[in-house]
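Undergrad: So that we are looking at the same thing, I have put the structure below in structure tokens.
The values are calculated or read from the model by the stated rules, or taken from the named source; none is laboratory data. The structure displayed is predicted, hence computed values, not measured ones. Cβ atoms come from the backbone with ideal geometry, glycine included; neighbour counts cover every protein chain shown.
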Ligand SMILES: [Zn+2]
């Protein structure tokens, strides 16, 4: 985690110091998640936490970021931890470390998956890919090429993703039947990849708050306004039933935003404080912060995400201003 000395890192972090860095983790585990590809080990996560503490960062819940901004309270050198989808690995591997280091977390949940009720289309697709050779996958996709109007590519993921949003589940269900021996119900009962209500209840007793990650994990930029609104509104209602609290925090699946116009309208109509993307774009100086930094993968990349990239972005932002 220390490609540069701590003093140099501190210097690099100065331009964005007054802004909360919102960090995003997907899966903290030893890589055994059956419905996800990339994981950060619990030991790797703990190293990052200790590194942030050494740099003088304070950990605050995401809801506090927006409350502090409204009250004009300083957010200097603060970090907010978030995670998406609601994997049960969050309970087994992340939650014990949160308790150990007294850290808050915002958990963005895809509500149809809670309590292992269902897989979202993207999880089905990951399981299919994990259990099928590329040749067989190509063959299976070819069978559905015309009926699902697939645009063919050498990359099976690109071919699969060319199906419309409304048909992704149907295509994934067909491929599942052809490629996987277990039914989805059997798979869910055996693997239990998502948080149960009991696990969620225990996490909510700790310093964990909930946010919406939609009902079904769609690409939000390909939904109509009405569909996008109900994806967020319906999931917020489920979360309120579970936690007894209204949430006004939302994170886009894949960090892919809808249009600015739809975003402003939906924020207003649903009273959302946050609609979080990921930092693909150059928006270091955004207030309030709306994009998250991905902290999985390799330590070196995390380090660059946290230090050099924001620095580069801020310089680029400043050059644009003048
Ligand atoms: Zn997600």
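Undergrad: Tell me the residue from 177, 142, 168 that is assigned to a helix (DSSP H, G or I), over 28 Å from residue 89 (Cα atoms) and not assigned by TED's automatic domain parsing to the domain that holds residue 33, please. Lay out the reasoning, then the answer.
TA: Details: 177 fails: over 28 Å from residue 89 (Cα atoms); 168 fails: over 28 Å from residue 89 (Cα atoms).
It is 142.
Undergrad: Filter segment 242-254 down to the residues that are more than 9 Å from the ligand (Cβ to nearest atom) and in contact (Cβ under 8 Å) with a residue 24 or more places away in the chain, then identify the one that is nearest to residue 122 (Cα to Cα). Walk me through it before giving the result.
TA: Going residue by residue through segment 242-254, those that are more than 9 Å from the ligand (Cβ to nearest atom) are 242-250.
Going one step further and asking which of them are in contact (Cβ under 8 Å) with a residue 24 or more places away in the chain, we end up with 242-243, 245, 247-250.
Values: 242: 24, 243: 26, 245: 28, 247: 24, 248: 25, 249: 22, 250: 19 Å.
For segment 242-254, the residue satisfying everything is 250.
Undergrad: Just to confirm my filter: which helices (runs of 4 or more DSSP H) fall fully inside segment 213-322 and include at least 2 residues that are at pLDDT 95 or above? First the steps, then the outcome.
TA: Working: elements: 225-243, 260-270, 299-306, 308-321.
Fully inside segment 213-322 and qualifying: 225-243, 260-270.
Undergrad: From the residues in segment 67-90 that are surrounded by fewer than 20 Cβ atoms within 10 Å (Cβ to Cβ) and touching a residue at least 60 places away in the same chain (Cβ under 8 Å), which one is farthest from the ligand (Cβ to nearest atom)?
TA: Once the filter is applied, the top-ranked residue is 77.
Undergrad: Right, residue 135: without any contact (Cβ under 8 Å) to a residue 40 or more places away in the chain and in a loop (DSSP other than H, G, I, E, B) or not? Spell out the reasoning first.
TA: On the way: without any contact (Cβ under 8 Å) to a residue 40 or more places away in the chain: yes; in a loop (DSSP other than H, G, I, E, B): no.
Answer is no for this residue.
Undergrad: In this structure, is residue 22 crowded, with 21+ Cβ neighbours inside 10 Å and either within 16 Å of the ligand (Cβ to nearest atom) or not in a loop (DSSP other than H, G, I, E, B) (or both)?
TA: On the way: crowded, with 21+ Cβ neighbours inside 10 Å: yes; either within 16 Å of the ligand (Cβ to nearest atom) or not in a loop (DSSP other than H, G, I, E, B) (or both): yes.
Judged against the criteria, residue 22 is a match.
Undergrad: Taking only pairs six or more apart or across chains, which ones have beta-carbon atoms under 6 Å, a first residue in segment 156-182 that is farther than 15 Å from residue 142 by Cα, and a second residue that is modelled with pLDDT of 95 or more and part of a helix (DSSP H, G or I)?
TA: 168/121; 169/121
Undergrad: Same structure, new question: Do we have any residue at all in segment 44-59 that's in contact (Cβ under 8 Å) with a residue 60 or more places away in the chain, within 24 Å of residue 252 (Cβ to Cβ) and outside the structural domain of residue 179 (by TED's automatic domain parsing)?
TA: Within segment 44-59, the first condition is being in contact (Cβ under 8 Å) with a residue 60 or more places away in the chain, and the residues that meet it are 44, 47-48.
Then drop every residue that is not within 24 Å of residue 252 (Cβ to Cβ), which leaves 48.
Filter once more, keeping what is outside the structural domain of residue 179 (by TED's automatic domain parsing): 48.
So far as segment 44-59 goes, yes, one or more of its residues are in contact (Cβ under 8 Å) with a residue 60 or more places away in the chain, within 24 Å of residue 252 (Cβ to Cβ) and outside the structural domain of residue 179 (by TED's automatic domain parsing).
Undergrad: I need the full set of residues from segment 91-140 which are touching a strand residue (DSSP E or B) at 6+ places or on another chain (Cβ under 7 Å), away from the ligand (no atom under 16 Å from the Cβ) and closer than 17 Å to residue 38 by Cα, in order please.
TA: 93
Undergrad: Determine if segment 151-163 includes at least one residue that is modelled with pLDDT under 95, within 16 Å of the ligand (Cβ to nearest atom) and either in a helix (DSSP H, G or I) or closer than 27 Å to residue 204 by Cα (or both).
TA: So in segment 151-163, the residues modelled with pLDDT under 95 come out as 151-163.
From what's left, within 16 Å of the ligand (Cβ to nearest atom): 157, 161.
Remaining after also requiring either in a helix (DSSP H, G or I) or closer than 27 Å to residue 204 by Cα (or both): 157, 161.
Yes, that holds for at least one residue.
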